[in-house]
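The values are calculated or read from the model by the stated rules, or taken from the named source; none is laboratory data. All values reported here derive from a predicted model rather than from experimental measurement. Quick reminder, even Gly has a Cβ in these numbers, built from the backbone with ideal geometry, and neighbours come from all protein chains shown. Note: accessible area is taken over every heavy atom of the protein model, side chains too, but ligands, DNA and RNA are not part of it. Shrake-Rupley method; radii C 1.70, N 1.55, O 1.52, S 1.80 Å.
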Amino acid sequence: MPADMHIHSVLGNPGTEWFLHYEKLAQRFKELGVTMIRDGGDTEGLCTRYRSSFEDRGIRYLSPVSGICREGRYGRCFGRGVRTERETVDMIRELKREGADFIKVFVTGFMKTGSYGCTCTDPPCFSNQELRIIVEEAGEAGMVVMAHVNTPEEILSAVDAGVLSVEHGYGTTDECIAAMAENGTFWVPTVTPIAALSGESDPMKRYLREQLDAVRRGAAAGVRIVPGSDSAARMVPHAVSTLREYEFLGQCGLTAEQLDANAALLFERTLSMVK
């Protein structure tokens, strides 16, 4: 029962009406046997508006409606910007009213392709104290937090703040692995997007090597590794990339049964908080 706990359903529309896009997209996942999906959200909340396309096909589906990003920083494609603590708290409550199943927050940017390093990390988009507030407010609203985060320092900050899942986590170190294992943090390492770009530059090749090695160490240390393809990112087609992610994680010693169980547990942990 394949699962994909990190997709971007709003991407990949060739220009058709949104209902048709979501109907075709959901059918593609259905035909490949995917039974659980967790979306990354979009600025307009289209993923929530058309969630029935998945649910009508028997696919269990979770959505944050939209991510939360720092105004003017990384995440504008999938998130709504906030500037202050008050705006952040108000945004969490607004997303809950709009039907969010969980909160997604952009802590850093993504990895650069031309040089080794991460965008938007100096300073991070949200400090540890701000992340603690986000986790607390989300909890008060009956939601957990998904954190888009890269680099060792910010992964540790997000885990310490109490996020339920680390998304991407490029740059994960042994210290990050120990923290995730100790805190019961789920890790969605999204190997497929960096693998897709690994032929374009030496930094991307390095990211791929390091990520695969970190996943192996994380699995050995007891971190709950969860399949998520970053579906519809550049050169990452919907649905088929879900199966590709399973292949990469399989190379790290994780069985499909383990991955399915971890995905199901993440799904249920998310639902258990919903009030």
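Summary table
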| read-out | value |
| --- | --- |
| Search result, residues across segment 180-213 that are surrounded by 24 or more Cβ atoms within 10 Å (Cβ to Cβ) and over 17 Å from the mean Cα position of the chain (by Cα) | Tyr207 |
| Some residue of segment 163-180 being of a type in the set (Ser, Thr, Tyr), part of a loop (DSSP other than H, G, I, E, B) and in contact with a Ser or Thr (Cβ under 7 Å, 6 or more places away or on another chain) | no |
| Lone qualifier among Val166, Val144 - being in contact (Cβ under 8 Å) with a residue 12 or more places away in the chain, under 14 Å from the mean Cα position of the chain (by Cα) and open to solvent by 10 Å² or more (accessible area, probe 1.4 Å) | Val144 |
| Matching residues in segment 169-179 - criterion: being of a type outside the set (A, V, I, L, M) and open to solvent by 20 Å² or more (accessible area, probe 1.4 Å) | Gly171, Thr173, Asp174, Glu175 |
| Out of Ala219, Ala256, Ala239, Ala264, sole residue that is under 22 Å from Thr185 (Cα atoms), touching a Leu at 6+ places or on another chain (Cβ under 7 Å) and not polar (S, T, N, Q) | Ala219 |
| Condition check for Thr113: in a loop (DSSP other than H, G, I, E, B), touching a helix residue (DSSP H, G or I) at 6+ places or on another chain (Cβ under 7 Å) and of a type in the set (Ser, Thr, Tyr) | yes |
| Unique residue being under 17 Å from Ala233 (Cα atoms), of a type in the set (A, V, I, L, M) and either surrounded by fewer than 21 Cβ atoms within 10 Å (Cβ to Cβ) or in contact with a His (Cβ under 7 Å, 6 or more places away or on another chain) (or both) when the list is Leu32, Leu11 | Leu11 |
| Members of segment 74-105 that are among the charged types (D, E, K, R), part of a loop (DSSP other than H, G, I, E, B) and either within 13 Å of Gly40 (Cβ to Cβ) or at pLDDT below 95 (or both) | Arg76, Asp101 |
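Table: residues versus (1) within 19 Å of the chain's Cα centre (by Cα); (2) of a type in the set (A, V, I, L, M); (3) open to solvent by 20 Å² or more (accessible area, probe 1.4 Å); (4) closer than 21 Å to Glu268 by Cα.
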position: Gly81; (1), (2), (3), (4): yes, no, yes, no
position: Val89; (1), (2), (3), (4): no, yes, no, no
position: Thr108; (1), (2), (3), (4): yes, no, no, no
position: Phe126; (1), (2), (3), (4): yes, no, no, no
position: Leu131; (1), (2), (3), (4): yes, yes, no, no
position: Val135; (1), (2), (3), (4): yes, yes, yes, yes
